[in-house]
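Reviewing the structure listed below.
The values are calculated or read from the model by the stated rules, or taken from the named source; none is laboratory data. The structure displayed is predicted, hence computed values, not measured ones. Counting neighbours? That spans all protein chains shown, and the Cβs are built from the backbone with ideal geometry, glycine included.
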Amino acid sequence: MASLWFSLTTLAVAVSLVSTGASIPNNEDECHLTPIKVPVILDESTVRLQSPEFTAGDSSEPGVMCGIECQRKLPEPRPAELERLLSYETIYENGTRIFTKIKLEGVTELRNTSSSVVCKTGQLKRRKRQVYGMDGRFVITDKHFTTNYPFSASVKLSTGCSGILVSPRHVLTSAHCVHNGQNYLKGTKRLRVGIMKLRSKRRGGRQRGGRRGEKRRESEAGNERDVATEVQVREHRRKRKNRFRRETDSDQTRQPALRWTRVKQTQVPTGWMRRAGEEVSADYDYALLELKRPHKMKFMELGVVPVVKDIPAGRIHFSGFDNDQLGKVVYRFCSVLEESNDLMYQYCDAQKGSSGAGVYVRLRDQAGKGKWKRKVIGVFSGHQWVDVDGIQKDYNVAVRITPSKYAQICHWIHGDASQCALA
């Protein structure tokens with residue numbers, strides 16, 4: 001009974017945190033997001049490449065990374081280098097692969113970008129603190145929450161990673177979930193995406209040629225029934241069968257399950273592709289998947305937050321399919337401890353399988369007076385060893401969506417630069 005009460009309590013707290021935010025006195029009510037102008041990405045040329053062999057095994061996260069201070073001191077890439085990094089590969093369901101070179105217009109350095117988070121003056125900004133009184137994962141077991149927004153926007157990849165729905169047809173995830181920096185993973189050839197939906201328990205039906213076939217044979221043998229009586233019997237059975245289905249198809253028997261959809265195409269930035277003698281860069285550990293069929297679930301919009309610590313408590317959220325909780329959505333939130341232009345360092349509890357989850361923030365819309373708005377501002381990459389003053393420290397790292405990355409992902413989704421002018 002005690003364990004049941006604890007489970008119900010933690011679930012109630014998690015739902016309260018996600019849905020209302022009222023139980024966390026962090027002044028998020030006083031802050032809101034403002035639009036940021038982003039550059040324009042145009043496809044300049046395309047080249048057809050040799051079809052990949054899909055030989056790579058499961059990709060792990062990159063090894064020891066350039067330290068936090070090192071990341072901060074890295075110069076902004078020049079426009080030509082940024083265009084190279086944001087050029088991309090597209091691989092289709094039939095194995096066809098093309099390379100697209102892009103042209104970037106209106107580049108703005110992230111360091112010169114004003115914050116997109118505006119808070120009322122006089123509000124205290126809490127920095128460098130973890131979640132108040134609670135730091136852990138919440139396993140969402142209630143089927144109504146699992147299959148409703150925002151948890152329903154989290155999806156599972158057949159390669160074992162997580163992802164986030166960002167349009168009726170598109171899923172944002174980590175690049176290492178489909179490509180190890182040199183080759184595409186074996187599972188990418190027939191990549192599928194699982195979306196949590198309520199599914200009824202189906203009862204086994206009669207096999208063809210069963211009792212009805214026997215009756216037919218008996219009739220043919222001369223043991224015929226009165227036609228009117230037979231019609232009445234069949235009608236009675238039909239009504240009973242329909243009533244039985246309605247009863248067994250009630251809410252109590254409907255359980256959440258992953259409904260799988262094939263991926264039509266996958267797009268990965270060149271910045272993730274490993275050059276000879278170089279390591280992969282976690283800065284570009286993201287990819288976009290286009291589904292073969294559109295889903296009917298509510299998706300989460302993209303956003304840009306140059307400095308997460310501008311948000312009170314610097315709080316981020318994400319949900320995924322951790323391997324130690326098979327078939328269940330796991331939600332967590334925590335504060336960002338450190339951040340560079342491209343990465344966010346934190347200690348959100350996570351297990352393997354959560355990589356690729358969409359990292360989002362929650363703020364008010366309409367100058368802080370509207371509804372709560374969730375914006376995907378990054379992709380959870382996973383555990384990393386970071387070199388800090390010659391000492392290796394471990395963090396959980398998320399890739400930030402910068403204005404240039406936003407323009408690229410938005411271009412992948414819409415194919416129209418006019419729809420991607422503001423984040």
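Annotations
- 2 or more residues modelled with pLDDT under 85 and farther than 30 Å from Gln50 by Cβ: qualifying strands (runs of 3 or more DSSP E) within the stretch 125-209: 192-199
- For the stretch 285-296, a residue qualifies if it is crowded, with 16+ Cβ neighbours inside 10 Å and more than 15 Å from Leu172 (Cα to Cα), but none of them does.
- Every condition in (1) in contact with an Asp or Glu (Cβ under 6 Å, 6 or more places away or on another chain); (2) at pLDDT below 70; (3) among the hydroxyl-bearing types (Ser, Thr, Tyr) is met by Thr100 except one, and the failing one is (2).
- Residues that are at pLDDT 85 or above and surrounded by fewer than 21 Cβ atoms within 10 Å (Cβ to Cβ), drawn from the stretch 301-322: Glu301, Pro306, Val307, His317
- Output for the stretch 330-344, where each listed residue is out of contact with any His (no Cβ under 7 Å at 6 or more places or on another chain) and of a type outside the set (Ser, Thr, Tyr): Val330, Arg332, Cys334, Val336, Leu337, Glu338, Glu339, Asn341, Asp342, Leu343, Met344
- When restricted to residues that are over 25 Å from the mean Cα position of the chain (by Cα) and either within 30 Å of Leu85 (Cβ to Cβ) or modelled with pLDDT under 65 (or both), the stretch 30-43 contains 2.
- With respect to (1) of a type outside the set (Phe, Trp, Tyr); (2) assigned to a helix (DSSP H, G or I); (3) at pLDDT 90 or above, the lone exception for His236 is condition (3).
- Within the stretch 79-91, restricting attention to residues that are over 15 Å from Thr402 (Cα atoms) and without any contact (Cβ under 8 Å) to a residue 40 or more places away in the chain, the residue that is surrounded by the fewest Cβ atoms within 10 Å (Cβ to Cβ) is Ala80.
- Tabulated pairs, the stretch 384-410, first closer than 18 Å to Ser116 by Cα, second surrounded by fewer than 24 Cβ atoms within 10 Å (Cβ to Cβ) and acidic (Asp, Glu), C-beta under 6 angstrom, 6+ apart or interchain: Arg400/Asp342
- Residue count for the stretch 319-345, restricted to those that are of a type in the set (S, T, N, Q) and closer than 25 Å to Met196 by Cβ: 3
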